[in-house]
1. In segment 12-24, which residues are exposed (fewer than 15 other Cβ atoms within 10 Å of the Cβ) and over 13 Å from the mean Cα position of the chain (by Cα)?
2. Let me confirm something: among Glu77, Glu48, Glu9, Glu42, which residue is surrounded by 10 or more Cβ atoms within 10 Å (Cβ to Cβ), among the charged types (D, E, K, R), assigned to a helix (DSSP H, G or I) and in contact with an Asp or Glu (Cβ under 7 Å, 6 or more places away or on another chain)?
Amino acid sequence: MTRDKIKSEIIRIFSEQFEIDNPGLDDDLRQVHEFDSIDAIELLREIEILLGSELTRAEKKNAMEIRTINQILDYIEGLAQSRAGGETKTRPA
């Protein structure tokens, strides 16, 4: 999945799930859009759906410092690369 595709999906998720339209890529989501911890949990679930696999506890913990869309894109790209390398933890059917 390309960065542009990931960006499109994240922007769609922010619009549909959080009613945040056209967030700046470097906006501090907490300060500018009042994105809170409950929103973050929902976003992690959407990222799991996007990736097609569950996030590990460590991966979720690593996400706690994310503040911007660009950081979300970097995070997802890293996860996608690690999963492409055979480290996929899939969800039971």
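1. Narrowing segment 12-24 to residues exposed (fewer than 15 other Cβ atoms within 10 Å of the Cβ): 12, 15-17, 19, 21-22, 24.
Once the filter is applied, which keeps residues that are exposed (fewer than 15 other Cβ atoms within 10 Å of the Cβ) and over 13 Å from the mean Cα position of the chain (by Cα), segment 12-24 yields Ser15, Glu16, Glu19, Asp21, Asn22, Gly24.
2. Details: Glu77 fails: in contact with an Asp or Glu (Cβ under 7 Å, 6 or more places away or on another chain); Glu9 fails: in contact with an Asp or Glu (Cβ under 7 Å, 6 or more places away or on another chain); Glu42 fails: in contact with an Asp or Glu (Cβ under 7 Å, 6 or more places away or on another chain).
Going through Glu77, Glu48, Glu9, Glu42 in turn, just one is surrounded by 10 or more Cβ atoms within 10 Å (Cβ to Cβ), among the charged types (D, E, K, R), assigned to a helix (DSSP H, G or I) and in contact with an Asp or Glu (Cβ under 7 Å, 6 or more places away or on another chain): Glu48.
Values in this text are rule-based calculations from the coordinates and carry no lab data. Quantities reported herein were computed from a predicted structural model and do not represent experimental measurements. Positions of Cβ are generated from backbone atoms using ideal geometry, with glycine treated the same way; all protein chains shown enter the neighbour counts.
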